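A quick write-up on the structure given underneath.
The values are calculated or read from the model by the stated rules, or taken from the named source; none is laboratory data. Remember, it's a predicted structure, so these values are computed and weren't measured experimentally. Note that each Cβ is placed from the backbone with ideal geometry, even for glycine, and that neighbours are counted across all protein chains shown.
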Amino acid sequence: MIFGPLVEEVRTAVKRANEKLRWKLVNSDTGNKAVAHWLFNEILQPEEKPMKNRYWFLPGGHWIPINCSPKWKVAVLIPFRDRFDHLTILLRYLIPMMQKQLLQFSIFVIEQANQDLFNRAMLMNVGYLEALNFTDYDCYVIHDVDNVPLDDRNYYGCTDMPRHFISGLDKFNYTLRYGGYFGGVSGLTKDNIIRINGFPNVYWGWGGEDDEILKRLNSAGLHITRYAGPVYHYDVIKHHHTSAPKMKERFDLLLKSHDRQKTDGLSNIVYHNPVYEFHPLYTNISVDIRRI
Ligand code: UD2
Ligand code: MN
């Protein structure tokens, strides 16, 4: 649907990129870090870049407008585990929307590769750090896999950052649960993320991490923008899965969030050997995250 008649050409380009990546990885001692600066410029650049709708396409879901210099280079980070049916629906809406907005963008699925409780915020840190290996993104959109934007005028570039993109969800009759709500889909500039030391690593299981991220932003003097009206409505794909178990300690953690801001986040994160895999519509980064 996204590629039309180009689909075979794209498949071939993706296959080649994965072969080049594997070849490079077996020939290096340090894994992904060694390929850092040339991931985007060598591994992902086929001799003939497939072209679609005024865009160059690079394997792994990287899109670059051909006829204009994009206003923003956006990395979409999707925290993920075992929701493939949601991912296909989301991408079918997201990609045409961002193309219409003439953004440069890359889609990263950050997959938790273990059965421990799900840790959305830690995956966001991993996504931010690993995306640095691709190109110099200036704008990050953190996206729940099951939140589908309903109007392509909901601009995914970085204006009035930090931003909360959602004005209403179908499941709450197109309202939000509470005013200080920051879950679902949010946007930060690179500078915003650095200012708050990234995201907390200590939230295992459901809930709390979105509230803490908002607290971090506020205590760094950054206030969120949220536009009103139906352009910013989302539909939530019905869960066939249950959410992670609620994190009981989240209220205690939230009370102490200020003390942890400088010590818990990008500054202390540890994880080993994330695995990259290029797919036609996204780059999958699979990572085994552990308690630090
Ligand atoms: C709400 C927030 C979400 C987050 C969460 C609390 C909305 C729209 N979203 O999500 O941003 O703050 O509460 O932690 O209100 N995921 C997986 N696999 C899993 C579990 C989670 O991929 O097994 C990812 C996926 O991207 C999902 C997101 O994490 O959309 C949030 O998890 P959820 O959908 O289970 O929880 P939900 O909808 O209550
Ligand atoms: Mn959800």
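Just one of the listed residues (Asp116, Asp144) is surrounded by 18 or more Cβ atoms within 10 Å (Cβ to Cβ), farther than 22 Å from Val10 by Cβ and either small (Gly, Ala, Ser) or out of contact with any helix residue (DSSP H, G or I) (no Cβ under 7 Å at 6 or more places or on another chain) (or both), and it is Asp144. Of the residues contained in segment 133-142, one or more are found to be at pLDDT below 95 and among the β-branched types (Val, Ile, Thr).
The condition of being modelled with pLDDT under 95 and either of a type outside the set (Ser, Thr, Tyr) or over 28 Å from Trp56 (Cβ atoms) (or both) holds for only one of Gly168, Gly127, Gly184, Gly180, that being Gly180. The single condition among (1) away from ligand 2 (no atom under 16 Å from the Cβ); (2) modelled with pLDDT of 95 or more that His258 does not satisfy is (2). Residues of segment 15-47 that are within 22 Å of the chain's Cα centre (by Cα), under 19 Å from Pro274 (Cβ atoms) and at pLDDT 70 or above: Ala17, Asn18, Leu21, Leu39, Phe40, Ile43, Leu44. Among residues of segment 163-184 that are in contact (Cβ under 8 Å) with a residue 12 or more places away in the chain, those with a Cβ under 7 angstrom from a residue that is within 12 Å of ligand 2 (Cβ to nearest atom) and of a type in the set (Asp, Glu), sequence gap 6+ or separate chain, pair up as Asp170/Asp235; Phe182/Asp210; Gly183/Asp210; Gly184/Asp144. Pairs meeting the criteria (first residue in segment 64-82 and in a loop (DSSP other than H, G, I, E, B), second residue aromatic (Phe, Trp, Tyr), beta carbons under 9 Å, at least 6 apart or on different chains) are Ile66/Tyr55; Ile66/Trp56; Pro70/Phe105; Trp72/Phe105; Trp72/Tyr137; Trp72/Tyr156; Arg81/Phe118.
The rows are residues; the columns are (1) of a type outside the set (Lys, Arg); (2) in contact with an Asp or Glu (Cβ under 9 Å, 6 or more places away or on another chain); (3) within 11 Å of ligand 1 (Cβ to nearest atom).
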site	(1), (2), (3)
Trp206	yes, no, yes
Gly221	yes, no, no
Val231	yes, yes, no
Leu253	yes, yes, no
Lys256	no, no, no
Phe278	yes, no, no
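Identification of helices (runs of 4 or more DSSP H) wholly contained in segment 203-292 with 2 or more residues that are basic (Lys, Arg) and either touching a residue at least 24 places away in the same chain (Cβ under 8 Å) or crowded, with 17+ Cβ neighbours inside 10 Å (or both) yields 209-219.
For segment 47-63, which positions are closer than 27 Å to Val126 by Cβ and either among the β-branched types (Val, Ile, Thr) or in a loop (DSSP other than H, G, I, E, B) (or both)? Pro59, Gly60, Gly61 - these are the residues of segment 47-63 that are closer than 27 Å to Val126 by Cβ and either among the β-branched types (Val, Ile, Thr) or in a loop (DSSP other than H, G, I, E, B) (or both). Residues in segment 255-278 include none that are within 20 Å of Gly184 (Cβ to Cβ) and among the aromatic types (Phe, Trp, Tyr). When segment 36-90 is limited to residues that are under 17 Å from Ile2 (Cβ atoms) and aromatic (Phe, Trp, Tyr), the one that is surrounded by the most Cβ atoms within 10 Å (Cβ to Cβ) turns out to be Phe57.
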